[in-house]
Amino acid sequence: HACMPVHACGWDVTVTLDTSDEVGEIRVMGKLTVATGTYELTCDSLIVMGANSELEIGTESERYSGDFTLTLKGEQPESFMHMGHDMGWRALLALNGGTLNLHGEDRVEWTRLDANVEAGSNSITMAEAVDWRPGDEIVLVSSTNDWNEAEELTVASVTGGGTVVNLTSNLSYWHCGTIQQYTRPSDGKTWTADMRAEVGLLTRNVTIQGASDSVATGTGAHIMVHGEDNGHMASGYAYIEGIEVFRGGQESILGRYPFHWHLVAGNGTGQYFNDSSVHDSTNRGITIHGTD
């Protein structure tokens, strides 16, 4: 389907998304906000452009408590062009004064193991209590020189006052959960090395993702905050926390990353991308280019 802009020149319109839908390209020139609920929006690209234009999913003071997924599905012929610039497809863009305000839930994003765990185990003990839920996806990093021993796992339940995470499958590898103590014989100097494997939460309640064919094609979603471009347009802005970027980035394509500040220069002051997960990407992770 095609989708009209939520704002036309000279208007000042706020549109609240309170349904799930699939459309073509969306251009936000006013304000698009997402109601609290369980919603999925699928579109070719979503472009936030123009002075005071905004995509708002929660706020800093009132984080989004629903479950929202934005799926970007556009193809190369549907690439967004602006002032002679090709800004790509499957894009979430903020440019020419546009702002992304994305504020997912405040979760325990990562912690460490608190005990060694053997291959074949289906539970892990954490160094601090977590608020993870059944069905959440987590990553447990490798404890050896082989990065392939990092494991993506699914939470079955959390017990032990939040410190024991029970899994839906057995671990394939051993992971370290101890702090190592060392003493140098020559002078008795002692020190510690925290070798406890990190465990991170991948799941978030606000998800930006590429369409299901992104893995096969290497062409996922990309989020870009565009700068002033030598004064030709106003900068975009991003204040992002607690989101999940899944199937992001576009393989071997310059400038098409899961999240990207592009030549924002001094306008980067105060902007942030915090407490979020970026996984199953095909081209980098977070790119800060020409931005202070």
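The values are calculated or read from the model by the stated rules, or taken from the named source; none is laboratory data. Just so it is clear, the model here is predicted, and its values are computed rather than measured. Glycine also receives a Cβ, built like all others from the backbone with ideal geometry; neighbour counts cover every protein chain displayed. To get the accessible areas, we keep the full protein, side chains included, count just its heavy atoms, and leave off ligands, DNA and RNA. Shrake-Rupley method; radii C 1.70, N 1.55, O 1.52, S 1.80 Å.
Quick look at the numbers
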{"item": "Output for region 256-292, where each listed residue is of a type in the set (Gly, Ala, Ser), assigned to a strand (DSSP E or B) and within 9 Å of the chain's Cα centre (by Cα)", "result": "277"}
{"item": "Residues of region 7-59 satisfying the condition of being among the β-branched types (Val, Ile, Thr) and either open to solvent by less than 40 Å² (accessible area, probe 1.4 Å) or in contact with a Leu (Cβ under 7 Å, 6 or more places away or on another chain) (or both)", "result": "15, 23, 26, 28, 33, 34, 42, 47, 48, 57"}
{"item": "Wholly enclosed strands (runs of 3 or more DSSP E) of region 164-228 bearing at least 1 residues of a type outside the set (Ser, Thr, Tyr) and farther than 30 Å from residue 250 by Cβ", "result": "164-167, 179-183, 190-194"}
{"item": "Some residue of region 135-157 being of a type in the set (A, V, I, L, M) and farther than 22 Å from residue 275 by Cβ", "result": "yes"}
{"item": "Number of positions in region 170-202 that are touching a residue at least 60 places away in the same chain (Cβ under 8 Å), open to solvent by 30 Å² or more (accessible area, probe 1.4 Å) and within 24 Å of residue 275 (Cα to Cα)", "result": "3"}
{"item": "Qualifying residue in region 133-145 (condition: within 30 Å of residue 47 (Cβ to Cβ) and either open to solvent by less than 50 Å² (accessible area, probe 1.4 Å) or acidic (Asp, Glu) (or both))", "result": "yes"}
{"item": "Check on residue 211, open to solvent by less than 20 Å² (accessible area, probe 1.4 Å) and in contact (Cβ under 8 Å) with a residue 40 or more places away in the chain", "result": "yes"}
{"item": "Residue match in region 148-162 (condition: at pLDDT 95 or above, open to solvent by 80 Å² or more (accessible area, probe 1.4 Å) and assigned to a helix (DSSP H, G or I))", "result": "yes"}
